[in-house]
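The values are calculated or read from the model by the stated rules, or taken from the named source; none is laboratory data. Nothing here was measured: the structure is a model prediction, and the numbers come from that model. With ideal geometry, Cβ positions are generated from the backbone for all residues, glycine too; neighbour counts draw on all protein chains shown. Areas reflect the complete protein model, heavy atoms only, side chains present, ligands, DNA and RNA absent. Shrake-Rupley method; radii C 1.70, N 1.55, O 1.52, S 1.80 Å.
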Amino acid sequence: MVTEIQRVGVIGAGQMGSGIAEVSARAGLDVVLTDVSDEAAEAGRSRIRKSLDRAVQNQKIGEADRDAAQERIRTTTSLNELHDRELVIEAIAENEEVKTKVFAELDQVIDDPEAILASNTSSIPIAKLAAATKRPDRVIGIHFFNPVPVLKLVELIPSLLTSEQTTQRAADFATGRLGKETVRAQDRAGFVVNALLVPYLLSAIRMVEGGFATAEDVDNGMVLGCAHPMGPLRLSDMVGLDTIKAVADSMYAEYKDPSYAAPPLLQRMVDAKLLGKKSGKGFYEYG
Ligand code: CAA
Ligand code: NAD
């Protein structure tokens, strides 16, 4: 008998992991959030606190709900503390080698044979992560969008080996529990949304690189001319230029299509640690 998911683990307390931990705790689930250092875990906690405070200010939740959600989240630097989780969502940097290693370790740590191991990867094929475990039928992509508390979508990406029961449980978690909307995508690099979005972001970077228009003018063009909530360069800064570069590389490796090739400017900005909002500077500066 498979029970309803109550105990969730999240690996990586960065912008996505903290968002996933927050929405899970707000939905009443017990959450353990891990990162590699106390500093990173604490940064995740403070991001969650800020976001919950914002939800209180916007009258989406009351103060008691905020405090209860915070109390449902425990942070740790030990992967072993995820042992009793029924669902673990990995949200560490977009790096296939590091993610594969974490999936192999996680597989050893989890007690429940029915537990689901999920990745929030933006682009890495799920089958590659599943192959690092002895339970490929219980590995799936559960892909959230940034900012997690605001955007409604979750992409579900079963691999060729994911069981229908796993996909159904992941769908119940995302819709029934978190109140998100889902779309299902095949296990191809970039899935649905990033396969469409990232070539657009790369085209905008090429426009700036070629001196065709300034970042501000490209962004204003798309905000004022197409009613996008933010322009492609500000959005790239928000996502993280390291993440955009990694996603482009995965898709280029899969499809060999030049529209997925990272432009040299993007590569140089990542080399220079100009990663966007998270490093304080990208196409724009952040205070
Ligand atoms: N955390 C929590 N809540 C947030 C938030 C955050 N980081 N940022 C904004 N919000 C909330 C605000 O509290 C506000 O809520 P109310 O409606 O209740 O007032 C609402 O979102 C709107 O915020 P603001 O008025 O401050 O700002 P805005 O209207 O400019 O919206 C935005 C900000 C939500 C980020 C909006 O600009 C937006 O949706 N941008 C596009 C984001 C997008 O495209 N994301 C997808 C990225 S790609 C991806 O995620 C996949 C991948 O694999 C890379
Ligand atoms: P981020 O850089 O904000 O955070 C990554 C976190 O993972 C950091 O805190 C880091 O210390 C931690 N970490 C790294 N290795 C770890 C390990 N072995 N164990 C535990 N923690 C580890 O990154 P992010 O933007 O939150 O992205 C995380 C994942 O989510 C990536 O796969 C990315 O592609 C995906 N994603 C990102 C976005 C986005 O807009 N940024 C949207 C959807 C999906």
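In order along the range 6-19, phi translates into HN-Hα couplings of 10, 10, 10, x, 10, 9, x, 9, x, 5, 7, x, 5, x Hz, rounded to whole numbers, per the Karplus curve 6.51 cos²θ - 1.76 cosθ + 1.60 with θ = phi - 60° and x for Gly and Pro.
The stretch between Lys273 and Ser46, if pulled fully straight at 0.36 nm per residue, gains 79.4 nm over its current Cα-Cα span. The lysine pair count for the chain, using Cα distances under 12 Å and pairs eight or more places apart or on different chains, is 4. Other residues whose C-beta falls under 12 angstrom from the C-beta of Glu94 contribute a net charge of -3, scoring Lys and Arg +1 and Asp and Glu -1.
Summing charges over neighbours of Gly141, with a neighbour being any other residue whose Cβ is under 9 Å away from its Cβ, gives -2 when K and R count +1 and D and E count -1. Using a probe radius of 1.4 angstrom, the carbon and sulfur fraction of the accessible surface of the chain is 53%. Once C-alpha pairs closer than 8 Å and six or more residues apart are averaged by separation and normalised to the residue number of the range 195-287, the relative contact order reads 30 percent.
Antiparallel beta bridges, as assigned by DSSP with both residues in the chain, represent about 25 percent of the total such bridges. Distance distribution P(r), the chain, all Cα-Cα pairs, bin width 10 angstrom from 0: 7, 28, 35, 23, 7, 0, 0 percent. With an a/c value of 1.5 or above and a/b not larger than b/c for the gyration tensor axes a ≥ b ≥ c computed over the alpha-carbon atoms, the range 1-101 is described as oblate.
Pairs of Cα atoms nearer than 8 Å and 6+ residues apart set the relative contact order; for the chain it is 14 percent.
The slack between Leu265 and Ala253, meaning 0.36 nm per residue of separation minus the straight C-alpha distance, is 2.4 nm. With all protein chains kept in place, the per residue accessible area of the range 44-159 amounts to 45 square angstrom at a probe of 1.4 angstrom. Full extension of the chain segment joining His83 with Asp53 gains 7.8 nm, where the gain is 0.36 nm per residue of separation less the Cα-Cα distance. Reducing the range 1-77 and the range 157-196 to their Cα centroids gives an inter-centroid distance of 21 Å. For the range 126-138, putting each phi into the Karplus relation 6.51 cos²θ - 1.76 cosθ + 1.60 with θ = phi - 60° gives couplings of 5, 4, 5, 6, 4, 5, 7, 10, 9, 9, x, 6, 10 Hz, in residue order, rounded to whole numbers and with x for Gly and Pro. Proximity of backbone amide H atoms, modeled 1.01 Å from N, is registered between Leu275 and Lys281 at under 5 Å, excluding neighbours fewer than 5 places apart on the same chain.
Write down the percent of antiparallel bridges among all DSSP beta bridges whose residues are both part of the range 135-281, to the nearest 5. Just about 60 percent of them are antiparallel.
Helix-only arithmetic for the chain: the sum of -39500 (n - 2.57) across DSSP H runs with n ≥ 4, divided by the residue total, places the mean residue ellipticity at 222 nm at -13500 deg cm²/dmol.
The angle between the Cα long axis of helix 241-255 and the longest principal axis of the Cα atoms of the chain comes to about 90 degrees, rounded to the nearest 10. Computed on the range 102-203, the Cα convex hull volume stands at 105 Å³ per residue. Using θ = phi - 60° in the Karplus curve 6.51 cos²θ - 1.76 cosθ + 1.60, the 3J(HN,Hα) couplings for the range 59-66 round to 6, 8, 9, x, 5, 5, 5, 4 Hz; x is entered for Gly and Pro.
Put simply, the C-alpha atoms of the range 1-48 give a gyration tensor, and the ellipsoid matching it has half-axes of 21, 11, 7 Å, longest first. For a Förster distance of 30 Å, can you work out the FRET efficiency between the beta-carbons of Cys226 and Glu285, rounded to the nearest 0.05? It comes out at approximately 0.75. Working from Cα pairs under 8 Å separated by at least six residues, relative contact order for the range 194-239 is 34 percent.
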